[in-house]
Amino acid sequence: LAVGLLRGFLSLIGLAVTLAVLILGLFPAILRGVDPILATVGASALILLVNMHLSHGLNRQTFFAFLSTLAGLGFVVIFTDIFLALARLSGLASEEGALLFWELDPVQVPVGILAAGIILGAVGVLDDIAITQSETVQELLLANPHTTRRELFVQAMRIGRHHIASTVNTLILVYAGAALPVFLLFMNQFGGYQDFLQNELIAEEFVRTLAGTCALVLLVPLSTWFATLNPKVVDRHHKQP
């Protein structure tokens with residue numbers, strides 16, 4: 001509150017909204033037998049819709065950023081499905097996943113729970129990417145109001161590439177930090193890195209990173225392009241000589 005002022009206060013309200021959607025909406029829906037992937041996508045879209053406009057204002061800029069995050073959410077779903085199929089994960093590697101599968105009758109597809117967790121974990125990063133690129137475009141436009149749409153896109157992408165590199169590194173460290181006890185336990189048991197990497201619990205973390213990273217990389221140019229749709233941007237064909 002001291003640092004963020006009004007934005008900080010609104011972000012706390014957004015946090016309360018996120019918790020309410022998860023605890024009162026998403027979790028009970030999955031336990032009732034609703035498809036976990038569909039439920040997670042719907043809950044994530046609602047969280048993004050409320051939080052992005054609450055934290056960054058009801059304006060065209062935020063709306064375009066929101067649209068780009070929806071596309072990014074679709075990318076996460078696609079890449080999650082692809083990498084889960086390639087890795088042939090069951091979703092039963094952890095004790096929690098196995099207990100959930102055996103104790104709750106409606107939960108019949110444990111790999112769907114795993115996919116839902118991967119999707120949910122990537123949503124916050126998508127929000128960060130879209131808003132940052134949108135703000136970058138707006139600042140560049142303020143610095144030079146006569147910049148063409150193409151020039152604006154190229155300039156913003158230079159910054160976006162740095163954002164990709166730092167955020168990918170952040171994703172890896174976040175997942176590694178959350179699963180550190182598991183990593184250390186299995187590394188100690190297996191001894192060699194080959195058996196360690198072939199364990200399903202370890203493979204799950206690699207799939208999380210790959211799915212989130214691929215969606216993130218594609219979202220940067222997409223969110224940048226959405227941001228350049230601002231009507232104040234001068235199109236090259238209409239630029240004054």
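The values are calculated or read from the model by the stated rules, or taken from the named source; none is laboratory data. Predicted model, so just to flag it, every value in this text is computed and none were measured. Every residue, glycine among them, receives a Cβ derived from its backbone with ideal geometry; neighbour counts consider all protein chains shown. The accessibility values were calculated without ligands, DNA or RNA, using every heavy atom of the protein model including side chains. Shrake-Rupley method; radii C 1.70, N 1.55, O 1.52, S 1.80 Å.
Farthest toward the positive end of the dipole of the chain, out of Gln133, Gly121, Gln189, is the Cα of Gln133, where the dipole comes from beta carbon charges about the Cα centre. Which of [x] 1, 6, 13, 18, 19, 17, 13, 8, 3, 1, 0; [y] 1, 6, 12, 15, 15, 12, 10, 8, 6, 5, 4, 3, 1, 1, 0, 0, 0, 0, 0; [z] 1, 6, 12, 14, 16, 16, 12, 9, 6, 4, 2, 1, 0, 0, 0 is the computed P(r) over Cα pairs in 5 Å bins from 0, in percent for the structure on display? It is the one labelled [z]. Here region 1-69 and region 161-195 have alpha carbon centers that stand 27 Å from each other. Over the residues of the chain, the helix contribution to mean residue ellipticity at 222 nm works out to -26500 deg cm²/dmol, using -39500 (n - 2.57) for each DSSP H run of at least 4.
With the Cα gyration tensor of region 132-204 giving a ≥ b ≥ c as the square roots of its eigenvalues, does the rule (a/c under 1.5 for rounded; else a/b larger than b/c for prolate; else oblate) give rounded, prolate or oblate? It would help to have the intermediate numbers written out before the result.
Values: a/c = 6.04, a/b = 4.11, b/c = 1.47.
Note, shape of region 132-204 comes out prolate.
Measure nothing but the geometry: give the 0 to 90° angle between the long axis through the Cα atoms of 180-190 and the longest principal axis through the Cα atoms of the chain, rounded to 10°. So the inclination is approximately 50 degrees.
In square angstrom, what is the accessible area per residue of the chain with a 1.4 angstrom probe? Mind dumping the intermediate values first?
Values: 13350 Å² over 241 residues.
About 55 Å² of surface per residue is accessible.
What you get for the chain, charging only the Cβ of Lys and Arg (+1) and of Asp and Glu (-1), is a dipole of about 1220 debye around the Cα centre. Highest GNM mean-square fluctuation among Phe83, Phe196, Phe226, for the chain modelled with Cα contacts below 10 Å: Phe196.
Report the paramagnetic label zone for Ser90: residues of region 200-223 whose backbone N is under 15 Å from a point 7 Å from Cα along the Cα-to-Cβ axis. Flagged as within label range: 200-204. Spin-label model, Val17/Val50: points 7 Å from Cα along the beta carbon direction are separated by 0.7 nm.
Here the accessible area is traced with a 1.4 Å probe on the protein chains. For the chain, carbon and sulfur cover 68 percent of it. Taking 0.36 nm per residue of separation and subtracting the Cα-Cα distance, full extension of the segment from Phe196 to Leu70 would add 41.8 nm.
For the residues Gly212, Gly160, Gly57, a GNM of the chain with alpha-carbon springs under 10 Å puts the largest fluctuation on Gly57.
Express the relative contact order of the chain as a whole percentage, based on alpha carbon pairs under 8 Å and six or more residues apart in sequence. Walk me through the numbers on the way to the answer.
Values: 255 pairs, mean separation 67.6, N = 241.
Computed value for the chain: 28 percent relative contact order.
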